[in-house]
Amino acid sequence: MVSGLAPLSSVDVVPARVLPRNPAIKSADDVACALEEVACGDSRVSNAQKACDEAVRLAKATFQKKTVFNLFGRDVNWADRRAELVGAIEEFATAKEHRATLFADGVKTREFTFGTIKFRGHGASIALRSGEDAKSVLSKIEDKCEILKKILELLGKLKLFKQPLRTFVRIKNELNQAGLKAAWSEGLLSDEEVGELGFKKVAAGETFSIEIGEYLVQSERRNA
């Protein structure tokens, strides 16, 4: 065994000679020796990586098989089945005629043995209109703010060592949506003003969510 290189398998080959712990190259033979050791070590690490990759591939294949359940006499992908169940719960719970069945007056959360369903209220907010994005909003802001537009144009013309400044300094012009929404919520911007920038008002309402609990087998439940 070569010192410092633990064998990874019985087929590993190790160089016959290695340089000392703090190698000092003193000859062409030392160069050849060092190159052989580097090539050997790289090869062994590469083999280890390939073995790990293969193990991961096999583990993923096993995982995929375990996520397919036999239900109703046929194989069912669990992700699809889960989406069906969660969707059915949400459809039932969000229907007005069923809400009184699930929730007492004023209560928005109900706990079950294996999960919790809840409604959460949210205030009015703003969101980008369909077809709008950060780039289009920035363009509208620049059109409305002549000074900003001129500053951006000036930054584009600045040079350092006869090269554009942007070659050396990354100057990012980004939309601060959080700041814009905060300004609107604080009354600093009106509905009309944010509308001119490409936003729409989203009325106050509720969102429905499902939290899935931990499933314990019968013996674990008794010991819990």
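The values are calculated or read from the model by the stated rules, or taken from the named source; none is laboratory data. Quantities reported herein were computed from a predicted structural model and do not represent experimental measurements. Methodologically, a virtual Cβ is constructed for each residue, glycine included, from the backbone with ideal geometry; neighbour enumeration extends over all protein chains shown.
The criterion of at least 2 residues that are closer than 30 Å to residue 85 by Cβ, in contact (Cβ under 8 Å) with a residue 60 or more places away in the chain and hydrophobic (A, V, I, L, M, F, W, C) is met by the following strands (runs of 3 or more DSSP E) wholly inside segment 107-224: 115-122, 205-212.
For segment 83-106, a residue qualifies if it is surrounded by 13 or more Cβ atoms within 10 Å (Cβ to Cβ) and either assigned to a helix (DSSP H, G or I) or at pLDDT 95 or above (or both), and the qualifying residues are 86, 89, 90, 92, 93, 99, 102. Within segment 122-137, is there a residue that is assigned by TED's automatic domain parsing to the domain that holds residue 174 and among the acidic types (Asp, Glu)? Checking segment 122-137: at least one residue is assigned by TED's automatic domain parsing to the domain that holds residue 174 and among the acidic types (Asp, Glu). Test residue 75 against the criterion of being in a strand (DSSP E or B), loosely packed, with under 11 Cβ neighbours inside 10 Å and assigned by TED's automatic domain parsing to the domain that holds residue 216, and give yes or no. Here the answer is yes, as residue 75 does meet what is asked.
Residues in segment 136-151 that are surrounded by 11 or more Cβ atoms within 10 Å (Cβ to Cβ), farther than 12 Å from residue 197 by Cβ and out of contact with any helix residue (DSSP H, G or I) (no Cβ under 9 Å at 6 or more places or on another chain): 2 in all.
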